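Read through the structure below, which is laid out as structure tokens, and then see the notes.
The values are calculated or read from the model by the stated rules, or taken from the named source; none is laboratory data. Computed from a predicted model, the values in this text were never measured in an experiment. Here the Cβ is made from the backbone with ideal geometry for all residues, glycine too, and neighbour counts use every protein chain on show. Calculation scope for accessible area: heavy atoms of the full protein, side chains included, ligands and nucleic acids excluded. Shrake-Rupley method; radii C 1.70, N 1.55, O 1.52, S 1.80 Å.
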Amino acid sequence: MTTWIIGSKCGMEERLSSPNPRTYIGSGKVSEIKSAIHALDVETVIFDDELSPGQLRNLEKAFGGDVRVCDRTALILDIFNQRAATHEAALQVALALMEYQLPRLTRMWTHLERQAGGQVKGMGEKQIEVDKRILRTQIGVLKKELDSVRKHRKQYRNRRTSVPVPVVSLVGYTNAGKSTLLNRLTGANVLAEDRLFATLDPTTRRVQIKNGKEFLLTDTVGFIQKLPTMLVAAFRATLEEISESSLLVHVVDISHPLAEQQIEAVDNVLSELDVSSIPKLMVWNKVDKAKDPQKIKLEVERREDVVCISALTGEGLEEFCDAVQDKVKDSMVWVEALVPFNKGELLSTIHQVGMVEKTEYMENGTLVKAHVPLRFARMLTPMRQLHISEPHP
């Protein structure tokens, strides 16, 4: 089987001031591709951009035979469909696929009637309208299921936030090494392969660093350039994990020749998620694979907002944990609280999740001066007031 790719830096490209509304490419290029299809026995033609339903139909008609025309969105959805390993991921991908297919239905979709159990009324309708109605019904069912998933995830996050450990989310372009970093730090054994979208489900694990401090590390779905809007919408339950973070760690494959463009693509998706208020840390990963690792390390030394690592070899991970701790501290608040002696567990939690500067034993309890997460500071409010009212010598 031969696949022909149309687009920038691909198998074939064409420069036009604007896409042809009927066929995306010009009529001359359509003829050229048709000749190549017959000469090379091509079965699939992929366009590195999104095609309208009309453009897809016109191109398939022009190319003739059983040639499949596939645009960028369909290809991404197909890859996501292969990677969906859990019920939640399968639901999200199925919803995105159906919403993509709805305006592109042709008579090939008569199998939908069988999926609906044969319960199809109005057989006087054109078959395409029957199929569309069935597909809309299935989309409604999937959306209800995903609403249930979102509620379950929110309940899980609420339980998690009741234990005030900072949450750090790994974000980045697909195949940047996020899952490898999670595995290296936590031994989570999350699928980490050299392929696109190996991870579709968020995975959260606890990380304990040398000084005894802890944080929760979450691996999220990888981003790409021109990520289809319907995928962002379908994966909202997954991406909402990011919005609950104390810190976003943007993992970059610094060895990739298009690293700058990938950084921009991730920033664009993050801007859609309204997470601009969350602190960020840039991590240049795969330094061991770069052409000039020393040059990259020197560049990092000149910048305060970047850490250089190799998740595969473990290089730079101690500096990474230190940077995470510093960033998390910046998002904490300063408290001075008098913890009663009978609240020993609370005092241990302050040491575990906060950054204690000083402890002092007083007549009615332990005076703690520390940086702690905001939600934990609220829990300490009565004890902070107790400290204020405590008589000082």
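One line per residue, one yes/no per condition, for (1) among the β-branched types (Val, Ile, Thr); (2) touching a strand residue (DSSP E or B) at 6+ places or on another chain (Cβ under 6 Å):
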{"residue": "Asp292", "(1), (2)": "no, no"}
{"residue": "Val306", "(1), (2)": "yes, yes"}
{"residue": "Leu312", "(1), (2)": "no, no"}
{"residue": "Gly316", "(1), (2)": "no, yes"}
{"residue": "Leu338", "(1), (2)": "no, yes"}
{"residue": "Lys343", "(1), (2)": "no, no"}
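In this structure, does Leu77 turn out to be open to solvent by less than 70 Å² (accessible area, probe 1.4 Å), farther than 24 Å from Ser18 by Cβ and in the same structural domain as Asp131 (by the TED database)?
Values: open to solvent by less than 70 Å² (accessible area, probe 1.4 Å): yes; farther than 24 Å from Ser18 by Cβ: yes; in the same structural domain as Asp131 (by the TED database): no.
Criteria not met by Leu77.
Candidates Glu60, Glu99, Glu88: the one that is in contact (Cβ under 8 Å) with a residue 60 or more places away in the chain, buried (at least 16 other Cβ atoms within 10 Å of the Cβ) and within 30 Å of Asn20 (Cβ to Cβ) is Glu99. Tallying residues that are open to solvent by less than 30 Å² (accessible area, probe 1.4 Å) and either without any contact (Cβ under 8 Å) to a residue 60 or more places away in the chain or not in a helix (DSSP H, G or I) (or both) within region 287-319 yields 12. Residue count for region 67-77 satisfying the condition of being modelled with pLDDT under 85 and more than 17 Å from the chain's Cα centre (by Cα): 0.
Within region 326-344, if we keep just the residues that are closer than 13 Å to Phe376 by Cβ and hydrophobic (A, V, I, L, M, F, W, C), the residue that is most open to solvent (accessible area, probe 1.4 Å) turns out to be Trp334. Taken together, Gln101, Gln127, Gln115 contain a single residue that is at pLDDT 80 or above, of a type in the set (S, T, N, Q) and not assigned by the TED database to the domain that holds Glu214, which is Gln101.
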